[in-house]
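Each remark here refers to the structure printed beneath this line.
The numbers here are math on the coordinates, done by the rules we state, and not lab data. Quantities reported herein were computed from a predicted structural model and do not represent experimental measurements. Cβ coordinates were reconstructed from backbone atoms using ideal geometry, including for glycine residues, and neighbour counts include every protein chain displayed.
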Amino acid sequence: MAILEFTNVSKDYITEGQSVPALHEVTLNVEAGQFVALVGRSGCGKSTLLNLAGAMDFPTSGQVRVGGAVTSTLDDAGLTRLRRTKVGFIFQSFQLLNTLSVVENVELPLLLAGVGGAAEKALECLRLAGMEGYARRMPYQLSGGQMQRVGIARALVHEPVVLLADEPTGNLDTVTGDGILELLRGIAAGGGTAVVMATHSLEAAALTDRTVRLRDGRIAADSGH
Ligand SMILES: Nc1ncnc2c1ncn2[C@@H]1O[C@H](COP(=O)(O)OP(=O)(O)O)[C@@H](O)[C@H]1O
Ligand SMILES: [Mg+2]
């Protein structure tokens, strides 16, 4: 079953009265267990696609379906629920809260959602990300690669159906980035979660099951390896 479905999705941004086209008639299905690289030059629409997939923004026309729900038909409560249960986001700049410890950062999504057993689940995800020994550290005591592992643990803690990663290795050296890619690959291979990753790196794209290439907001190629 498709976990993420884009059907004829177009997105135009309106800024200062001007309409900026970002995506044009994108149709795309992503299945559970897939690891998808989203590639294409800067400005081709990768981040826009991920934001629509995460229900952070909505299409101008067409439909985005995440875990069966059409994002543009949900009310605020439904959207909050979708974001807190179905979607995990990983950022290039990690986005950890500096005043919280590692384990507190990972617990936070569960605390916000009012889900019990947060500490235990956070430790389990830190273990999966190879960071179990760092739970009590503060983010500033970590390397970039370690921060991204914590970011991944946080994105996984509520067991999302889709993990969305926007240039997750963009701030890391190649060796560290490769470790992060292997981790993401393992998460997708686990079968329950699809991983969709925007990347500039062709090496990163070579490690995925599928590469979707965007050009000027359209899908120019879509291939498995
Ligand atoms: N919030 C926004 N407001 C106006 N234009 C935007 C906004 N976000 C992105 N764009 C424009 O949409 C297009 C696609 O951008 P983006 O999705 O960020 O591409 P990518 O992530 O591939 O670099 C670009 O032309 C960009 O300038
Ligand atoms: Mg981008």
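Once fully extended, how much extra length lies between Ser19 and Met138, figured as 0.36 nm per residue of separation less the alpha-carbon to alpha-carbon distance?
Value of the extension gain: 38.5 nm.
Quickly rank 52-61, 15-24 as a protection proxy: mean count of other C-beta atoms within 10 Å, highest first.
Values: 52-61: 19.8, 15-24: 12.9.
Highest to lowest by the protection proxy: 52-61, 15-24.
Can you compute the label reach from Gln95? Point 7 Å from Cα along the Cβ direction, backbone N cut-off under 17 Å, restricted to region 117-159.
147-159
Whole angstrom only: what separates the Cα centroid of region 180-211 from the Cα centroid of region 50-66?
21
Let me see the pair-distance distribution of region 10-49: every alpha carbon pair, 5 Å bin width, integer percents in order.
6, 18, 23, 23, 15, 8, 4, 2, 0
Quick one: in the chain, what % of C-alpha pairs are over 24 Å apart? All intermediate terms of the calculation are to be shown ahead of the outcome.
Numbers: 10545 of 25200 pairs.
Result for the distance tail: 42 percent.
By how many nm would the segment from Leu79 to Leu202 grow when fully extended, if each residue of separation counts as 0.36 nm and the alpha-carbon distance is taken off? Spell out each step's value before the answer.
On the way: separation 123, 0.36 × 123 = 44.28 nm, distance 3.36 nm.
Here the answer is 40.9 nm.
Enter the angle in degrees (range 0 to 90, nearest 10) between the Cα long axis of helix 102-113 and the first principal axis of the Cα atoms of the chain, meaning the one along which they spread out most.
Between helix and principal axis, roughly 60 degrees.
Report P(r) for region 55-131: all Cα-Cα distances, bin width 10 Å, range 0 to the bin holding the largest distance, values in whole percent.
16, 41, 30, 13, 1
Over all directions, the average projected area of the alpha-carbon convex hull for region 133-225 comes to how many nm²?
7.0
Simple spin-label model, 7 Å along Cα-to-Cβ: Ala113 to Met1 in nm?
Result for the modelled spin labels: 1.7 nm.
Determine the calculated [θ] at 222 nm for the chain from helices alone, applying -39500 (n - 2.57) to every DSSP H run no shorter than 4 residues and normalising by the residue count; nearest 500 deg cm²/dmol. If you can, show how the numbers build up before the last one.
Details: 7 runs with 75 residues, N = 225.
The per-residue figure over the chain is -10000 deg cm²/dmol.
Which percent, nearest 5, of DSSP beta bridges in the chain are antiparallel?
55
Once the other residues with Cβ under 12 Å from the Cβ of Ser61 are scored (Lys, Arg +1; Asp, Glu -1), what is the net sum? Walk me through the intermediate numbers first.
Working: positive: Lys11; negative: Asp12, Glu25.
Charge balance near Ser61 sits at -1.
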